[in-house]
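A.B. asks: Pasting a structure here, questions to come.
The values are calculated or read from the model by the stated rules, or taken from the named source; none is laboratory data. Predicted, not measured: the structure shown is a model, and the values here were computed from it. Note that we place each Cβ from the backbone using ideal geometry, even for glycine, and neighbour counts take in every protein chain shown.
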Amino acid sequence: MSKPKWKIRTLSLLLLAVILADGALTGAAFAVAQHAAYPERVGRAYAGNQLEIPAVRQVAAFVPEQHDSSVPQVALTFDDGPHQTCTPKLLDGLKQRGIKATFFLMGENIAGKEELVQRMQEEGHLIGNHSYRHIQMTKEGAEQACAEIEQTEQLIQSITGKRPEYLRPPYGAWNEQLECRVNLTTVLWNVDSLDWKFQNTRRIVRRVEKDVKDGDIILMHDIFPTSVEAALQIVDDLQKRGYEFVTVEELLVD
């Protein structure tokens, strides 16, 4: 099976403005997701906070250009984990279905869940870096931002024996200065499930399935029960439509 062809594109605020004008911060691999602090960390509901978008913001990221395979492929990706209860349920469901996904782990959420990280690796999932804390890196000094990325790299390597090669910056906030300093492949997304906002299985499924197409990267979070339920339903529904689920690395490799 031939793999999709990818290339690096640099996108300016023009596309971001179009996305915002459409009424929501949605997919397109360059969208800035509206996240808030995590329930585990601050003990409150996960609610979106509007981000201040920099006056000039350009993001270099891998995005799909062309897909030659007769079998449509998509990548399920999960940010912010691991979560003590949601992540095991998700892993169980993915294993039952023979599906491999990509997990962008947050360093501060790893302590006490090392076995889950080991399990991800053993079951063939791709593990990526989501920094140590959920901060907007473009507002941090470059030294601090890079230190947090490196801290998470070392944590994951100490558990799996392998350094992650892929990075998803929180909020999708990235710039050329950071790109030059971090030797990782930056991966954003094409389809934003908005699962953190909806926390409703049917709405999440409906949003993803109406937008998804061949070669897309789907953004979800493995820290909500509704996200786990929705992800597994999306897998079942899209498999019936002939989709194959792969890791982002499989999409990136020509």
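A.B. asks: If I ask for residues that are more than 13 Å from the chain's Cα centre (by Cα) and either crowded, with 22+ Cβ neighbours inside 10 Å or within 19 Å of LEU251 (Cα to Cα) (or both), which ones from region 157-177 would you list?
C.D. replies: Across region 157-177, the qualifying residues are PRO164, GLU165, TRP174.
A.B. asks: Something else now. Give me a count of the residues in region 168-206 that are more than 15 Å from GLN144 (Cα to Cα), of a type in the set (A, V, I, L, M, F, W, C) and without any contact (Cβ under 8 Å) to a residue 40 or more places away in the chain.
C.D. replies: So the count comes out to 3.
A.B. asks: Could you list all residues from region 237-254 that are surrounded by 14 or more Cβ atoms within 10 Å (Cβ to Cβ) and assigned to a helix (DSSP H, G or I)?
C.D. replies: Listed by number, the residues that qualify are ASP237, LEU238, GLN239, VAL248, GLU249, GLU250, LEU251, LEU252.
A.B. asks: Which fully enclosed helices (runs of 4 or more DSSP H) of region 154-228 have 3 or more residues being at pLDDT 95 or above and not hydroxyl-bearing (Ser, Thr, Tyr)?
C.D. replies: Details: elements: 176-181, 195-198, 201-211.
Hits in region 154-228: 195-198, 201-211.
A.B. asks: Hey, can you tell me all the residues within region 92-138 that are in contact with a strand residue (DSSP E or B) (Cβ under 6 Å, 6 or more places away or on another chain) and of a type in the set (Phe, Trp, Tyr)?
C.D. replies: PHE103, PHE104, listed by residue number.
A.B. asks: Just to check your reading of the model, which residue among GLN199, GLN233 is on the phi < 0 side of the Ramachandran plot and over 14 Å from the mean Cα position of the chain (by Cα)?
C.D. replies: It is GLN233.
A.B. asks: Would you confirm whether any residue within region 65-85 is modelled with pLDDT under 95, surrounded by fewer than 22 Cβ atoms within 10 Å (Cβ to Cβ) and part of a strand (DSSP E or B)?
C.D. replies: yes
A.B. asks: Pick from region 99-145 the residues that are in contact with a Phe, Trp or Tyr (Cβ under 8 Å, 6 or more places away or on another chain) and among the small types (Gly, Ala, Ser): which of them is nearest to VAL246 (Cα to Cα)?
C.D. replies: My answer is ALA101.
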